[in-house]
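Trainee: Sharing a structure below in structure tokens format, with a few things to ask.
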Amino acid sequence: MRSFYRTIHRDDLRDALAVAGAIGLVGASFGALAAAAGLSLAMTVALSLLVLAGGSQFLVVAVAAAGGSPVAAVAGGLLINARHLPYGLAVAPIVADRPAARLLGAHLLIDEVVAFARARAEFGVERARAAYWVCGAVLMLFWNAGTVAGALAGAAVPDPAILGLDAAFPAALLALLLPSLRQADARRVALTAAAVALAATPLLPAGLPVLVGLLGLLAAGARREERP
């Protein structure tokens with residue numbers, strides 16, 4: 001344990017706290033939106049503790065707020081989190097050497113933690129491993145603290161519709177996607193998915209158009225086939 005503490009770089013801890021501060025604010029917005037959607041405090045906290053994935057959590061709350069079924073919410077969350085499979089392959093040697101420790105570290109496998117650890121891989125496995133665990137632990141703490149604070153504040157609002165929180169659900173999901181929309185293929189997928197989801201909205205129950213929108217991935221596949 002002492003050797004682990006010695007590998008924690010001061011700059012890494014500082015940067016992890018900076019990232020965690022932003023994550024805490026996003027967690028607070030999730031908690032407030034969950035409360036506005038009618039989720040109980042226990043359910044909201046359980047989502048942040050057990051799922052620990054912002055995109056999936058926002059999607060679950062959005063589907064619940066729209067009156068969608070739990071099956072649609074869970075299926076959408078699982079599809080969003082499918083990106084964690086290649087993440088796990090990329091950081092497995094960094095997380096830990098023992099399978100049991102890797103299993104525990106898999107719960108901290110989120111976008112920011114993976115990027116944080118991979119950025120320090122050039123300094124050696126030990127520093128990257130310490131960065132992974134420190135960043136993961138700090139982000140988990142701030143995310144859950146923000147969730148509780150946001151849920152309590154959101155529950156105190158008598159009429160969330162006055163604040164326009166119904167528009168915050170798609171806005172939050174769009175904010176999560178914006179960084180990836182810099183690439184042409186990503187924009188093509190997003191536009192196709194939005195068009196398909198909008199076309200399916202009058203025809204399908206709430207929540208399902210989001211899943212149908214995944215057909216937008218075919219746009220990227222077709223584009224790759226056209227390339228020589």
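Computed from the coordinates by the stated procedures, all read-outs in this text should not be read as laboratory data. Bear in mind that the values here come from a model prediction, so they are computed numbers and not experimental data. Methodologically, a virtual Cβ is constructed for each residue, glycine included, from the backbone with ideal geometry; neighbour enumeration extends over all protein chains shown.
Trainee: Sorted from fewest to most neighbouring beta carbons within 10 Å, what does the list 123, 58 look like?
Mentor: Working: 123 13, 58 26.
Ordered by Cβ neighbours within 10 Å, fewest first: 123, 58.
Trainee: Related question: What ranking do 126, 112 get, fewest neighbouring Cβ atoms within 10 angstrom at the top?
Mentor: Result, fewest neighbours first: 126, 112.
Trainee: So, by mean Cβ neighbours within 10 angstrom, what's the order for 81-87, 135-141, 16-22 with the highest one leading?
Mentor: Highest mean packing first, the order is 135-141, 16-22, 81-87.
Trainee: Just rank 109, 59, fewest to most, by other beta-carbon atoms within 10 angstrom.
Mentor: Working: 109 23, 59 27.
Fewest-to-most ranking of 109, 59: 109, 59.
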